[in-house]
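Down below is the structure, laid out as structure tokens.
The values are calculated or read from the model by the stated rules, or taken from the named source; none is laboratory data. This one's a predicted model, so the numbers in the text were calculated from it and none came from an experiment. Neighbour counts run over all protein chains shown; Cβ positions are idealised from the backbone, glycine included.
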């Protein structure tokens, strides 16, 4: 009897968690604290953390897909994505969809970067997150210094695609680190797998040598 009552109580709480308080655009970007506390409590007490995380993520997608929320520029999207990732930190789609929406649709670059950084920390082997993070920062010159350490680490990986070296060299150039850019392009010129890669490297080096007033290879 006790076991049945316990199961019934958990089922009731899980049902409330599966159908949380409806999202309503508010005057500020802070997520409803009652939603947060309810979700976290049920996730921990019921043992259905991943399930709850998936269900909540569906609600987040519905929130972003509701045109009515565009009036507030989806002000709660970042907060909802953060909560969804707390509940299910290994669910990569939270970071890719949330980061892309925040960066490329809503132009909230800092929020997108923070969400992707959180995803990379929780999923250090998720290459998709690293490439999306690199693409995001590469488009914003004022964020270039944040991008370079990520690229430097990734370029050293044995399976790193050749394109990463090009992006790193261009990033060095954008921040004025011309000698570092020359070093990378020289390596591409020497180790490039195709004629096209080597030709691009040679052209870049020619330009950089001109800018640095005749620096020698």
Which residue, of 117, 154, is surrounded by fewer than 18 Cβ atoms within 10 Å (Cβ to Cβ), part of a helix (DSSP H, G or I) and either on the phi < 0 side of the Ramachandran plot or not assigned by TED's automatic domain parsing to the domain that holds residue 77 (or both)?
117
Among (1) over 10 Å from the mean Cα position of the chain (by Cα); (2) buried (at least 17 other Cβ atoms within 10 Å of the Cβ), residue 142 falls short only on (2)
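Give me a count of the residues in segment 93-106 that are crowded, with 22+ Cβ neighbours inside 10 Å and closer than 14 Å to residue 118 by Cα. Write out each step before concluding.
Step one: of segment 93-106, the residues crowded, with 22+ Cβ neighbours inside 10 Å are 94-95, 98-99, 102-103.
Then drop every residue that is not closer than 14 Å to residue 118 by Cα, which leaves 94-95, 98-99.
Here the count works out to 4.
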Tell me which residues, restricted to segment 159-190, are at pLDDT 75 or above and not in a helix (DSSP H, G or I).
175, 176, 177
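Given the options 207, 173, name the one that is under 24 Å from residue 140 (Cβ atoms), without any contact (Cβ under 8 Å) to a residue 60 or more places away in the chain and crowded, with 17+ Cβ neighbours inside 10 Å. Walk me through it before giving the result.
Numbers: 207 fails: crowded, with 17+ Cβ neighbours inside 10 Å.
None of the others qualify; the one that does is 173.
Kindly indicate whether residue 90 is within 18 Å of the chain's Cα centre (by Cα), exposed (fewer than 14 other Cβ atoms within 10 Å of the Cβ), at pLDDT below 90 and closer than 19 Å to residue 154 by Cβ.
Values: within 18 Å of the chain's Cα centre (by Cα): yes; exposed (fewer than 14 other Cβ atoms within 10 Å of the Cβ): yes; at pLDDT below 90: yes; closer than 19 Å to residue 154 by Cβ: no.
No; evaluated as a whole, the condition is false for this residue.
From 51, 39, 102, 44, grab the single residue that is in a helix (DSSP H, G or I) and either within 27 Å of residue 135 (Cβ to Cβ) or modelled with pLDDT of 70 or more (or both).
Values: 51 fails: either within 27 Å of residue 135 (Cβ to Cβ) or modelled with pLDDT of 70 or more (or both); 39 fails: either within 27 Å of residue 135 (Cβ to Cβ) or modelled with pLDDT of 70 or more (or both); 44 fails: either within 27 Å of residue 135 (Cβ to Cβ) or modelled with pLDDT of 70 or more (or both).
Residue meeting the stated conditions: 102.
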